[in-house]
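The values are calculated or read from the model by the stated rules, or taken from the named source; none is laboratory data. Values in this document were obtained by computation on a predicted structure and should not be read as measured data. When we count neighbours, we look across all protein chains shown, and the Cβ atoms used for this are built from the backbone with ideal geometry, even at glycine. Side chains are part of the model used for accessible areas, which takes the heavy atoms of the whole protein and leaves out ligands, DNA and RNA. Shrake-Rupley method; radii C 1.70, N 1.55, O 1.52, S 1.80 Å.
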Amino acid sequence: MVASGKGGVGKSSLTVCIGRELARLGQKVLLVEMEPGLGTLDLMLGLSRGVCDLSDLLSGGAALQDAALPVEGQSGLQAILAPIDGQFSYE
């Protein structure tokens, strides 16, 4: 887990670098974005937002394999994106 109370200190950049390197070394990596409304993993990893995000997974509206997006050109690296509306739904 990479966390800080301050924005703009490089949490996402560090996370992406570690994830990419672990995947390059043959590990299976799942990055989970927990910053609703402010997430940038989709931009940093070149992902298109799917129909599912972390909120859908947590509420039971989506299965893990539907919420985890594979990163193109990076075998073993996947990401679950935070909701873009700035809220998690647990219904």
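Does residue 49 count as part of a loop (DSSP other than H, G, I, E, B), touching a helix residue (DSSP H, G or I) at 6+ places or on another chain (Cβ under 9 Å) and on the phi < 0 side of the Ramachandran plot?
Values: part of a loop (DSSP other than H, G, I, E, B): yes; touching a helix residue (DSSP H, G or I) at 6+ places or on another chain (Cβ under 9 Å): yes; on the phi < 0 side of the Ramachandran plot: yes.
When the stated conditions are applied, residue 49 passes them.
What number goes with the only condition from (1) at pLDDT 95 or above; (2) outside any loop (DSSP other than H, G, I, E, B) that residue 58 does not pass? Of (1) at pLDDT 95 or above; (2) outside any loop (DSSP other than H, G, I, E, B), only one is false for residue 58: (1).
Residues being of a type outside the set (A, V, I, L, M, F, W, C), under 14 Å from the mean Cα position of the chain (by Cα) and at pLDDT 95 or above: count how many of those fall in region 75-91.
Going through region 75-91, the residues of a type outside the set (A, V, I, L, M, F, W, C) turn out to be 75-76, 78, 83, 85-87, 89-91.
If we keep only those that are under 14 Å from the mean Cα position of the chain (by Cα) too, we end up with 76, 78, 83.
Within this subset, residues satisfying the condition of being at pLDDT 95 or above are 76, 78.
Qualifying residue count for the region: 2.
Any residue at all in region 11-26 that is of a type outside the set (S, T, N, Q) and at pLDDT below 95? Explain how you work it out, then say what you get.
Going through region 11-26, the residues of a type outside the set (S, T, N, Q) turn out to be 11, 14, 16-26.
Cutting the leftovers down to at pLDDT below 95 gives us 11.
Scanning region 11-26, I find at least one residue that is of a type outside the set (S, T, N, Q) and at pLDDT below 95, so the answer is yes.
The residues on offer are 51, 71, and the sole one that is surrounded by 15 or more Cβ atoms within 10 Å (Cβ to Cβ) and among the β-branched types (Val, Ile, Thr) is 71. Of 64, 38, 43, all but one fail to be modelled with pLDDT under 90 and open to solvent by 80 Å² or more (accessible area, probe 1.4 Å); the exception is 38.
For region 11-46, the tally of residues that are hydrophobic (A, V, I, L, M, F, W, C), part of a helix (DSSP H, G or I) and closer than 16 Å to residue 67 by Cβ stands at 2.
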